[in-house]
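The values are calculated or read from the model by the stated rules, or taken from the named source; none is laboratory data. Please read these numbers as outputs of a predicted model, since none were measured by experiment. With ideal geometry, Cβ positions are generated from the backbone for all residues, glycine too; neighbour counts draw on all protein chains shown. All accessible areas refer to the heavy atoms of the entire protein, side chains included, with ligands and DNA or RNA removed. Shrake-Rupley method; radii C 1.70, N 1.55, O 1.52, S 1.80 Å.
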Amino acid sequence: MQCNRTYAINVYGIRVKRCCASCGNKDFDDKGCRYCKQSNEVILNPKNCCNYWVMSQSLSKAGLVRKDAPELRDLTAKIRALREHDKEMKELKKQLNRESQRRLRLKFKKLKFTV
């Protein structure tokens, strides 16, 4: 049976699709088939949804920034610094290109007048 609403929003504002695949009540039997713990029905289509749908614990925490992950903050800071460095390098290359073109024009003019 299909759910009336197709999406739910967790505490952190992340949209979660309402279906058996995102349900907290799903479990697997001995054969590896997905089933609902509440209704004890085998789930044939993971896109379906029943009235017992509850957001799984992992999806309810989606979007949470962990305070104990300083390496993540360091990594994003490094990426930001590299992007800034790339911008600076592109600007320097443009300036160098302009300067070399100007010098070539001056040399060409000198050669033109000497010949």
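List of remarks:
- Checking each residue in segment 14-41 for being open to solvent by less than 30 Å² (accessible area, probe 1.4 Å) and hydroxyl-bearing (Ser, Thr, Tyr) picks out only 22.
- Any hit, segment 76-96, residues being over 30 Å from residue 12 (Cβ atoms), small (Gly, Ala, Ser) and at pLDDT 80 or above: no
- Any chance residue 65 is under 20 Å from the mean Cα position of the chain (by Cα), among the β-branched types (Val, Ile, Thr) and either at pLDDT below 85 or surrounded by 13 or more Cβ atoms within 10 Å (Cβ to Cβ) (or both): yes
- Segment 30-51, subset in contact with a helix residue (DSSP H, G or I) (Cβ under 6 Å, 6 or more places away or on another chain) and free of Cβ contacts under 8 Å to residues at least 40 places away in the same chain, residue nearest to residue 64 (Cα to Cα): 46
- Qualifying positions in segment 14-29 - in contact (Cβ under 8 Å) with a residue 12 or more places away in the chain and part of a strand (DSSP E or B): 16, 23, 26
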